[in-house]
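The values are calculated or read from the model by the stated rules, or taken from the named source; none is laboratory data. Quick caveat, the model's predicted, so the values are computed rather than measured. Glycine gets a Cβ as well: all are built from the backbone with ideal geometry, and neighbour counts include every protein chain shown.
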């Protein structure tokens, strides 16, 4: 034991008391007081020459766009992090930014699904309609810009007062109309990615798309009128206004008389007759002994239910769905078996 702790001291009212019973507690108390002083100096801005202690008042935070309410702090702007109720979360990715913005806007009454969808379009750098653009701007206001691939700007679709692309105008003929094709064109619509083509006689299903301002409608019937309209499609896939209707008629065809009639597979009650194919024909109308006997879409027909050992004269004429049949072929005599 150190010499300074040996011996006794005379304590009034207590008599002689060993030194170590007094000096050791006193030393411990001094260490505690020094430690408390050190802690206090670290939280007092004036004790370290004006250096920041890491704790801020409301006035300090207001310099950086922060506000304090009810013990919680929210830091806005492009800081990359938010603090709520004393808990700090860092937004490092655009996915985290989307979740943060969606949560904050949902607390303000926005529909969460609509927010997520709009921000997905925004982060894909697509042109936005007015509602989507409003959501994207609100998200930037509450969560700052997305942290990745900066800078970001809200791109709005070219629009009219209704928020959609305007209708194409000046539909007119293009190229040469044939018996099975109609060509037409229209004036370009600013902001359109492509144009969707519709035919009025087949409902709301489009017949095709065009990446320029021209279209060929193919596979049509001869000598028939068809009506079309065009709708522009924007970069987000939304359709714009509907154009006026453009109507045109395919040309008629000159159907020649079929040739090369031949009979085959002759039985007591049936046989088949074939002919050469006729250009432009959609159907073949058959005749037995001068009377109509049905039609086929191919250049042959099976005749059944006939009488045994009986002769028949067969002729055929080419036809379309929208004009009169062409001339009948020469007659082919066919006799069923006995």
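Some values worked out for this structure:
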{"quantity": "Yes/no for residue 276 being surrounded by fewer than 15 Cβ atoms within 10 Å (Cβ to Cβ) and touching a strand residue (DSSP E or B) at 6+ places or on another chain (Cβ under 9 Å)", "calculated": "no"}
{"quantity": "Leading residue by the ranking (farthest from the chain's Cα centre (by Cα)) among those in the stretch 236-260 that are part of a loop (DSSP other than H, G, I, E, B) and crowded, with 19+ Cβ neighbours inside 10 Å", "calculated": "258"}
{"quantity": "Top-ranked residue in the stretch 97-115 [being crowded, with 18+ Cβ neighbours inside 10 Å and assigned to a helix (DSSP H, G or I); ranked as farthest from the chain's Cα centre (by Cα)]", "calculated": "104"}
{"quantity": "Number of the condition not met by residue 292 [criteria: (1) in contact with a strand residue (DSSP E or B) (Cβ under 7 Å, 6 or more places away or on another chain); (2) closer than 14 Å to residue 275 by Cβ]", "calculated": "(2)"}
{"quantity": "Which listed residue, of 183, 191, 219, is assigned to a loop (DSSP other than H, G, I, E, B), in contact (Cβ under 8 Å) with a residue 24 or more places away in the chain and surrounded by 16 or more Cβ atoms within 10 Å (Cβ to Cβ)", "calculated": "191"}
{"quantity": "Criterion (within 30 Å of residue 197 (Cα to Cα) and at pLDDT 95 or above) met by exactly one of 259, 247", "calculated": "247"}
{"quantity": "Residues located in the stretch 298-338, provided they are touching a strand residue (DSSP E or B) at 6+ places or on another chain (Cβ under 6 Å) and outside any strand (DSSP E or B)", "calculated": "299, 325, 326, 329, 331"}
